[in-house]
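**Q** So that we are looking at the same thing, I have put the structure below in structure tokens.
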Amino acid sequence: MIFKRIFLIVLDSFGIGAEPDANEFGDADTVNTLKSVMTSDKLNIPNLKRLGLFNIDGVEDGEKVAEPEASFARLQEASKGKDTTIGHWEIAGVVSDTPLPTYPDGFPADIIEKLETAFGRKVICNKPYSGTQVIHDYGKEHMETGALIVYTSADSVLQIAAHEDVVPVEQLYEYCKEARKIMCGENSVGRIIARPFIGEFPNFERTPRRHDYSMEPPGDTILDLLKVAGNSVVSIGKINDIFAGRGISRHMAITSNEDGMEKAIAELAKDYYGLCFVNLVDFDMKYGHRRDVDGYAAALTRFDEQLGEFLPKMKRGDVLIITADHGCDPRGAGTDHTREYVPMLICGEGVKKGVDLGTRHSFADIAATISKIMRIPYATKGQSFWNEVKE
């Protein structure tokens, strides 16, 4: 059987329990995004259940099924990080041995001076902050002075927030490009993020016109090799931003998880060879960081409903892989990501059902497996599990 397409869906931040080194990343050994959302009566995920989510190694909550309709594994992150950039790079085959720089005390004075010179505007805030809280606390000052709100988080990011009536979105994007040039060398943060917002104080709200300016991956990813070999690499959501456009043939921005899944379902009707790589960021951005258990659970329920639409439309030669890039336990301390194992479910015609792949020691096993499915040699630290699940 010839396998033509792989649909790789990342449930951004859907961790399934603390990794052994969680405390090294500031997390308790009890962090568990899945366990937390299961406390909500908004959660109803029968399709993930029947695929085998609750059969995964180490998942103690939820009812296991006798005959899972997918094969499954628990993946441990090999990279030194718990952020979106490093997580996705590893999924795509690049393991990062050195963590990207973070700024728990804000950016140093020399960086702020360079940013202000490049922007021609003053900078305010310069602290780790929640994205919604920062515009509440600094939005009024920004509108009165024109100063840009620059902030960070526990992740390797520099974020610039500005009201669309004060700084047009295209101008904000230009500021981010300037910041990307400045944040280099030892200050090479994973992402510079534009965070436009609208509204009147105190009712500011962020808009969907966020844009990420990422570092390029430090080595070839499976996306690069797929594209070079003539395959299509379709990005849905922020995948294109995460990989700085590298290895992408076609990309689509999305306004929500639901929109992302609608676009993924629409791709099933098309005919091409390659990879459709989807990121559903609402889990992380809207619910994980905001520690909204019910919101996270409701979003998973809606994803599961759309998964029920997706699965019957898969064609012969299609493979579906569902995974995550890190955790963001909505009952965890603080507002940041959590160092967690992530799930991996794989299914499709020609893929064995119910194979328990146990705990695997790198997200890069996904990239190694994709290389085998698409018959493209790729050197990665990941280990393919394709021979174990191919019928």
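**Q** Mind checking which pairs have a first residue in the stretch 24-37 that is among the hydrophobic types (A, V, I, L, M, F, W, C) and a second that is assigned to a loop (DSSP other than H, G, I, E, B), Cβ under 6 Å, 6 or more apart or different chains?
**A** Phe25/Lys82; Phe25/Arg339; Val31/Asp329; Val31/Gly332; Leu34/Ile16; Val37/Leu43
**Q** Output the residues belonging to the stretch 78-122 that are of a type in the set (A, V, I, L, M) and free of Cβ contacts under 8 Å to residues at least 40 places away in the same chain. Even if it seems obvious, please write down each step before you answer.
**A** Going residue by residue through the stretch 78-122, those that are of a type in the set (A, V, I, L, M) are 78, 86, 91-92, 94-95, 100, 109, 111-112, 115, 118.
Selection gives Ala109, Ile112.
Residue-wise test of (1) among the polar types (S, T, N, Q); (2) at pLDDT below 95; (3) out of contact with any helix residue (DSSP H, G or I) (no Cβ under 9 Å at 6 or more places or on another chain).
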{"site": "Tyr213", "(1), (2), (3)": "no, yes, no"}
{"site": "Pro217", "(1), (2), (3)": "no, yes, no"}
{"site": "Asp224", "(1), (2), (3)": "no, no, yes"}
{"site": "Val234", "(1), (2), (3)": "no, no, no"}
{"site": "Ile239", "(1), (2), (3)": "no, no, no"}
{"site": "Ala244", "(1), (2), (3)": "no, yes, yes"}
{"site": "Ser249", "(1), (2), (3)": "yes, no, no"}
{"site": "Asp259", "(1), (2), (3)": "no, no, yes"}
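**Q** Across the stretch 213-230, which residue is nearest to the chain's Cα centre (by Cα) among those that are part of a loop (DSSP other than H, G, I, E, B) and either surrounded by fewer than 20 Cβ atoms within 10 Å (Cβ to Cβ) or among the acidic types (Asp, Glu) (or both)? Before you say what the answer is, go through the steps one by one.
**A** Step one: filter the stretch 213-230 for residues part of a loop (DSSP other than H, G, I, E, B), giving 215-221, 229-230.
So of that shortlist, the ones also either surrounded by fewer than 20 Cβ atoms within 10 Å (Cβ to Cβ) or among the acidic types (Asp, Glu) (or both) come out as 216, 218-220, 229-230.
On the way: Glu216: 16, Pro218: 18, Gly219: 19, Asp220: 19, Ala229: 26, Gly230: 26 Å.
Residue satisfying both the conditions and the ranking: Glu216.
**Q** Among what's in the stretch 187-212 and is β-branched (Val, Ile, Thr) and in contact with a Pro (Cβ under 9 Å, 6 or more places away or on another chain), pick the residue that is surrounded by the fewest Cβ atoms within 10 Å (Cβ to Cβ).
**A** Keep residues of the stretch 187-212 that are β-branched (Val, Ile, Thr), which gives 189, 192-193, 198, 207.
Those left that are additionally in contact with a Pro (Cβ under 9 Å, 6 or more places away or on another chain): 189, 207.
Values: Val189: 26, Thr207: 14.
Per the stated criteria, the residue is Thr207.
**Q** Hey, another quick one. Say we look at the stretch 127-172 and pick out the residues that are among the small types (Gly, Ala, Ser) and more than 22 Å from the chain's Cα centre (by Cα); which of these is farthest from Leu100 (Cα to Cα)?
**A** First pass over the stretch 127-172, keeping only residues among the small types (Gly, Ala, Ser): 130-131, 139, 146-147, 153-154, 156, 161-162.
Checking which are more than 22 Å from the chain's Cα centre (by Cα) leaves us with 139, 146-147, 162.
Working: Gly139: 29, Gly146: 30, Ala147: 27, Ala162: 25 Å.
Ranking the qualifying residues of the stretch 127-172, first place goes to Gly146.
**Q** Does Ala299 fit the bill of being small (Gly, Ala, Ser), surrounded by 24 or more Cβ atoms within 10 Å (Cβ to Cβ) and within 17 Å of Pro46 (Cα to Cα)?
**A** Working: small (Gly, Ala, Ser): yes; surrounded by 24 or more Cβ atoms within 10 Å (Cβ to Cβ): yes; within 17 Å of Pro46 (Cα to Cα): yes.
Here the answer is yes, as Ala299 does meet what is asked.
**Q** Can you give me the number of residues within the stretch 349-365 that are out of contact with any Lys or Arg (no Cβ under 9 Å at 6 or more places or on another chain), under 25 Å from Lys313 (Cβ atoms) and not charged (D, E, K, R)?
**A** Of the residues in that region, 2 qualify.
**Q** Let me ask you something else. Given the structure, is Thr369 touching a helix residue (DSSP H, G or I) at 6+ places or on another chain (Cβ under 6 Å) and assigned by TED's automatic domain parsing to the domain that holds Ser232?
**A** Values: touching a helix residue (DSSP H, G or I) at 6+ places or on another chain (Cβ under 6 Å): yes; assigned by TED's automatic domain parsing to the domain that holds Ser232: yes.
Criteria met by Thr369.
**Q** I need every pair where a residue in the stretch 138-160 that is under 18 Å from Ile198 (Cβ atoms) and free of Cβ contacts under 8 Å to residues at least 24 places away in the same chain has its Cβ under 9 Å from the Cβ of a residue that is crowded, with 23+ Cβ neighbours inside 10 Å and of a type outside the set (Ser, Thr, Tyr), sequence separation at least 6 or different chains.
**A** Filtered contacts from the stretch 138-160: Tyr138/Ile149; Tyr138/Ala161; Glu141/Ile149.
**Q** Another one. Name, by its number, the condition in (1) surrounded by fewer than 22 Cβ atoms within 10 Å (Cβ to Cβ); (2) touching a residue at least 12 places away in the same chain (Cβ under 8 Å) that does not hold for Pro68.
**A** In the conditions (1) surrounded by fewer than 22 Cβ atoms within 10 Å (Cβ to Cβ); (2) touching a residue at least 12 places away in the same chain (Cβ under 8 Å), Pro68 misses (1) alone.
**Q** If you don't mind, there's one more thing I want to ask. Scan Gly131, Gly87, Gly139 and give me the residue that is of a type in the set (Gly, Ala, Ser) and closer than 30 Å to Gly219 by Cα. Even if it seems obvious, please write down each step before you answer.
**A** Numbers: Gly131 fails: closer than 30 Å to Gly219 by Cα; Gly139 fails: closer than 30 Å to Gly219 by Cα.
Just a single option satisfies the conditions, and that option is Gly87.
The values are calculated or read from the model by the stated rules, or taken from the named source; none is laboratory data. Keep in mind that this is a model prediction, so the values were computed, not measured. Neighbour counts are summed over all protein chains in view; Cβ atoms, including those assigned to glycine, are modelled from backbone coordinates with ideal geometry.
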